[in-house]
1. Expressed as a whole number of Å, what is the distance separating the alpha-carbon centroids of the range B:266-303 and the range B:162-180?
2. Hey, what's the Cα Rg ratio for chain B versus the globular rule of thumb, 2.2 N^0.38 Å?
3. So which chymotrypsin sites (Phe, Trp or Tyr not before Pro) in the range A:93-175 pass both tests, a DSSP loop state and at most 15 other Cβ atoms within 10 Å of the Cβ?
4. Return the single residue from B:T325, B:T133, B:T171 with maximal mean-square fluctuation; model: Gaussian network over chain B, springs between Cα atoms under 10 Å.
5. Using the beta-carbon distance between A:L136 and A:V287 and R0 = 45 Å, what value does 1/(1 + (r/R0)^6) give for FRET efficiency, to the nearest 0.05?
6. Averaged across orientations, what area in nm² does the convex hull of the alpha carbons in the range A:199-286 project?
7. Go ahead and estimate [θ] at 222 nm for chain B from helices alone: -39,500 (n - 2.57) per DSSP H run with n ≥ 4, summed, over the residue count, rounded to 500.
8. Output the 0 to 90 degree angle, nearest 10, between the alpha-carbon long axis of helix B:5-26 and the longest principal axis computed from the alpha carbons of chain B.
Amino acid sequence: MKQTNTTGDRIFRSILFIAAALIIIVVISMIAMMASNSLPTIRAFGLDFIISSEWNPSDGAFGALPFIYGTIVSSVIALVISVPVSLGIAIFLTEQAGPRVARPIAFLVELLAAIPSVVYGLWGIFVLAPFIREHLGVWLQEYLGFISLFQGRLTGIGMLTGGIILAIMITPIITAVVRDVLEAVPTTQREAALALGSTKWETTQVVLMNAASGIAGAVVLGLGRALGETMAVTMVIGNVPQITTKLFEPGYTIASVLAANFAEARDPLYFSALIEIGLLLFLVTFVVNGVAKLMVTGIAGRGGAVAG
Amino acid sequence: MRASNPFFLYAFISVVTLFMLAGCSREPMGSGNSGTAPGGAVRLQGSGASFPKPIYEKWVSEYGKIYPNARVDYQSTGSSAGIKALQQQTADFGASDAPMTDEEMKAAQGGEVLHIPTVLGAVVLTYNLEGLTAPLRLSPQTVVDIFLGRIKKWNDPKIAADNPGVNLPATDITVVYRSDGSGTTSVFNDYLAKVSPDWTVKGQNMTLPQGVGIGAQRNDGVMGQVRQTPNTIGYVELTFAKANDLPVVALKNAAGNFVEASIESVTAAAAEALATTQEDLRADITNAGGANAYPISSYTYVLAYKDQKDGSKGKVLADFLWWATHDGQKFAKDLHYAPLPPEIVARVESRLKLMSSGGTPLRP
């Protein structure tokens with residue numbers, strides 16, 4: 001790229017540079033702000049903050065473990081449900097369906113991503129929760145009730161409901177990224193596999209193998225979305241800071257506790273505790289998204305090199 | 001053309017800046033010696049509790065009709081944020097459902113803080129139980145036992161004892177509570193602690209034993225869960241329950257009567273608590289005596305500095321509060337708030353007369 005030296009270009013370049021630098025400044029200042037504001041709880045509790053499970057603001061007990069646990073468990077439930085479905089959709093769209101079928105389905109999947117999360121939450125309260133309480137939960141308890149996972153009181157509100165909502169919300173992003181990754185696998189590989197006499201299923205296996213790290217990246221991107229989702233989860237997860245292995249029992253996520261309590265955190269230590277939880281979530285999503293980006297660009301870069 | 005672009009930009013920026021400066025200087029600064037002086041509109045900025053927001057908005061609009069030069073903006077940011085805004089003087093007045101503590105008053109940067117009660121509210125228990133025709137009746141200890149998970153079934157003998165002849169289902173009770181910090185929870189905690197030594201939770205958050213309940217955000221969240229989930233019981237503001245026609249529990253009060261929350265029973269609680277109400281009006285009227293008093297009633301307050309730095313603003317604030325606690329009270333009932341009892345209005349008057357600016361009383 002040639003750099004010209006007219007005044008206009010120079011000003012143009014510096015404006016662009018400022019725009020780019022701004023985002024770095026924002027990220028750094030956010031981390032700095034959160035770190036400095038969470039100092040009081042870091043000093044008061046240290047590591048106990050993360051490993052203690054007692055959360056009782058009125059007694060000054062701040063243990064964030066129930067929120068970390070709830071965030072991880074609801075996200076894992078979401079991945080367990082969403083990953084097979086998203087993979088299925090993406091493979092169908094790229095490997096099987098003709099454009100006439102693929103286009104409307106792809107459009108519908110993208111439409112799911114455009115629905116505001118509060119709408120998902122309302123749907124969760126009015127449709128999904130009663131469905132789980134009256135049908136799915138009853139069925140699970142009848143046939144799988146011997147597993148402690150499915151025991152307990154059925155209110156329709158709880159960890160499982162939160163996980164299912166999240167699963168629906170992260171399906172579009174996983175599907176879209178997996179589709180891009182599969183399309184990045186060069187056609188020559190498919191042709192080679194077919195030429196060697198592979199069936200469609202065997203060809204797909206070859207493609208999937210080539211796209212493995214990109215697919216893993218897509219899953220991690222979905223995980224990143226699930227970790228930070230707030231509104232919809234808050235409305236159906238039950239918001240109780242407890243650690244339980246029972247899926248029908250309520251839980252609590254980091255994002256939910258932040259959203260629910262910031263406005264009324266009267267005690268400085270309480271405020272600081274909330275900031276520290278926010279910092280934890282920020283760091284985790286930061287790392288998760290970074291890992292995902294590395295994985296996805298890995299496959300795209302490789303595919304390009306092969307094709308070139 | 002290309003080289004002239006930046007000059008256009010600079011010219012544009014300087015023109016915009018000029019206009020902004022001109023706009024600022026034209027903004028009225030409230031320099032008149034009286035808030036209602038013609039030509040000098042005064043703007044007050046208040047922030048705090050969300051519970052009284054509907055009535056404050058009503059007052060602001062009605063007051064604006066009478067005194068067009070007084071503008072009051074109220075933001076419902078939550079009681080804690082309201083207290084913080086007052087302490088740090090980022091708002092002209094604060095508002096809170098619970099009175100400020102002594103430490104919080106000490107941390108206020110603008111000197112002594114006055115508590116002006118404006119209206120009364122109440123916390124009611126709402127439930128979702130099929131087949132009940134009359135309101136469910138509960139005594140205080142039963143409520144505590146339900147919230148502590150000691151009473152697990154709706155047909156528990158303790159509940160049945162309060163509801164003779166009512167056919168209660170043998171289903172599990174699910175408690176729905178506020179998961180966000182709120183003045184509603186604070187009043188409810190306060191009441192439960194008063195009626196039972198077993199209740200140890202204080203403040204704006206509720207913590208329940210494992211497996212007792214589910215949390216929801218705000219009044220609408222609690223209402224949504226209770227409406228949607230059979231066999232639940234939760235608590236919300238009276239105004240909210242009335243506006244949405246929720247079934248509410250008749251609660252046994254200190255005098256032993258089962259009382260439903262209503263505007264009359266809440267005002268009755270305030271009137272009964274008069275004798276024990278402190279001079280500074282930081283009152284706690286839960287579990288008040290009196291045959292008709294509803295036990296989970298509370299005031300909501302406007303918080304203002306006794307010494308107002310800005311005389312014109314202070315004058316408008318004092319006049320507005322005077323009007324709100326007198327003429328303004330007639331708007332309360334329609335919005336399901338209980339108006340102040342006359343005895344309290346008299347005591348509010350003496351508090352408002354303390355407001356001054358630079359040593360001059362604002363309401364002589």
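1. Between the Cα centre of the range B:162-180 and that of the range B:266-303, the gap is 28 Å.
2. Rounded to two decimals, the normalised Rg is 1.17.
3. Qualifying residues, ordered by number: A:F146.
4. B:T133
5. 0.85
6. 8.4
7. Theoretical 222 nm ellipticity from helices: -11000 deg cm²/dmol.
8. Approximately 70 degrees, to the nearest 10.
Every number in this text was worked out from the coordinates using simple rules, so none of it is lab data. A quick note: this is a predicted structure, and the numbers were derived from the prediction, not measured. Neighbour counts run over all protein chains shown; Cβ positions are idealised from the backbone, glycine included.
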